[in-house]
(Lines give C-alpha, C1' and ligand atoms only; values in the text may rest on other atoms or scores of the structure.)
Protein backbone atom coordinates (compact mmCIF):
# COMPACT_ATOMS: atom_id res chain seq x y z
CA UNK A 1 0.00 0.00 0.00
CA UNK A 2 1.36 3.38 -1.00
CA UNK A 3 1.58 5.96 1.81
CA UNK A 4 0.93 8.84 -0.59
CA UNK A 5 -2.84 8.60 -0.44
CA UNK A 6 -3.07 11.78 1.68
CA UNK A 7 -1.20 13.88 -0.86
CA UNK A 8 -3.43 15.58 -3.36
CA UNK A 9 -5.78 18.40 -4.03
CA UNK A 10 -7.57 19.99 -1.10
CA UNK A 11 -11.30 20.41 -1.63
CA UNK A 12 -13.27 22.85 0.44
CA UNK A 13 -16.99 22.69 0.92
CA UNK A 14 -18.99 25.81 0.29
CA UNK A 15 -21.23 26.64 3.23
CA UNK A 16 -24.87 25.99 2.48
CA UNK A 17 -27.52 28.59 3.03
CA UNK A 18 -29.92 28.03 5.90
CA UNK A 19 -32.70 27.61 3.31
CA UNK A 20 -30.76 24.74 1.69
CA UNK A 21 -30.33 22.99 5.03
CA UNK A 22 -33.91 23.66 6.20
CA UNK A 23 -36.15 23.98 3.12
CA UNK A 24 -39.04 26.38 3.63
CA UNK A 25 -37.61 28.14 6.68
CA UNK A 26 -37.63 31.61 5.12
CA UNK A 27 -41.27 31.28 4.07
CA UNK A 28 -42.18 29.87 7.49
CA UNK A 29 -40.74 32.87 9.35
CA UNK A 30 -42.42 35.27 6.91
CA UNK A 31 -45.82 33.66 7.52
CA UNK A 32 -45.11 33.40 11.26
CA UNK A 33 -44.68 37.21 11.38
CA UNK A 34 -48.06 37.63 9.68
CA UNK A 35 -49.65 35.15 12.11
CA UNK A 36 -48.24 36.88 15.19
CA UNK A 37 -49.33 40.29 13.88
CA UNK A 38 -52.87 38.99 13.42
CA UNK A 39 -53.32 36.86 16.55
CA UNK A 40 -50.89 38.41 19.02
CA UNK A 41 -47.27 38.28 20.05
CA UNK A 42 -47.71 35.25 22.34
CA UNK A 43 -50.22 33.33 20.22
CA UNK A 44 -47.79 30.51 19.34
CA UNK A 45 -46.14 30.06 22.74
CA UNK A 46 -47.95 26.88 23.76
CA UNK A 47 -48.42 25.26 20.38
CA UNK A 48 -46.57 22.38 18.80
CA UNK A 49 -46.55 22.05 15.05
CA UNK A 50 -43.32 20.11 14.91
CA UNK A 51 -41.66 17.19 16.68
CA UNK A 52 -40.26 18.77 19.89
CA UNK A 53 -37.84 15.93 20.61
CA UNK A 54 -36.31 16.04 17.13
CA UNK A 55 -36.00 19.70 16.11
CA UNK A 56 -33.89 18.72 13.12
CA UNK A 57 -37.08 17.22 11.69
CA UNK A 58 -38.93 20.51 11.59
CA UNK A 59 -41.08 20.64 8.54
CA UNK A 60 -41.16 24.33 7.80
CA UNK A 61 -43.19 23.94 4.61
CA UNK A 62 -46.05 22.18 6.43
CA UNK A 63 -45.76 24.61 9.35
CA UNK A 64 -46.13 27.59 7.00
CA UNK A 65 -49.22 25.95 5.45
CA UNK A 66 -50.75 25.47 8.90
CA UNK A 67 -50.15 29.12 9.83
CA UNK A 68 -51.52 30.34 6.48
CA UNK A 69 -54.64 28.21 6.94
CA UNK A 70 -55.23 29.72 10.40
CA UNK A 71 -54.82 33.25 9.02
CA UNK A 72 -57.16 32.55 6.10
CA UNK A 73 -59.82 31.08 8.40
CA UNK A 74 -59.28 33.85 10.96
CA UNK A 75 -58.95 31.17 13.65
CA UNK A 76 -55.77 30.91 15.74
CA UNK A 77 -54.16 27.55 16.38
CA UNK A 78 -55.33 26.17 19.72
CA UNK A 79 -52.81 26.56 22.49
CA UNK A 80 -52.19 23.82 25.01
CA UNK A 81 -53.68 24.86 28.38
CA UNK A 82 -51.02 26.19 30.81
CA UNK A 83 -51.74 23.48 33.40
CA UNK A 84 -51.01 20.78 30.81
CA UNK A 85 -48.07 22.65 29.24
CA UNK A 86 -46.27 22.83 32.58
CA UNK A 87 -46.22 19.03 32.82
CA UNK A 88 -44.94 18.30 29.31
CA UNK A 89 -41.37 17.04 29.39
CA UNK A 90 -39.29 17.91 26.33
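The values are calculated or read from the model by the stated rules, or taken from the named source; none is laboratory data. A quick note: this is a predicted structure, and the numbers were derived from the prediction, not measured. Using ideal geometry, Cβ is built from the backbone for each residue, glycine included, and neighbour counts are taken over all protein chains shown.
What to note about this one:
- On inspection, residue 11 does not qualify as assigned to a loop (DSSP other than H, G, I, E, B), modelled with pLDDT under 75 and surrounded by 13 or more Cβ atoms within 10 Å (Cβ to Cβ).
- Output for the stretch 72-89, where each listed residue is assigned to a helix (DSSP H, G or I) and either surrounded by 13 or more Cβ atoms within 10 Å (Cβ to Cβ) or in contact with a helix residue (DSSP H, G or I) (Cβ under 6 Å, 6 or more places away or on another chain) (or both): 85
- For residue 69, the conditions (1) modelled with pLDDT of 95 or more; (2) in a loop (DSSP other than H, G, I, E, B); (3) exposed (fewer than 15 other Cβ atoms within 10 Å of the Cβ) are fulfilled apart from (2).
- For the stretch 39-48, a residue qualifies if it is at pLDDT below 85 and surrounded by 16 or more Cβ atoms within 10 Å (Cβ to Cβ), but none of them does.
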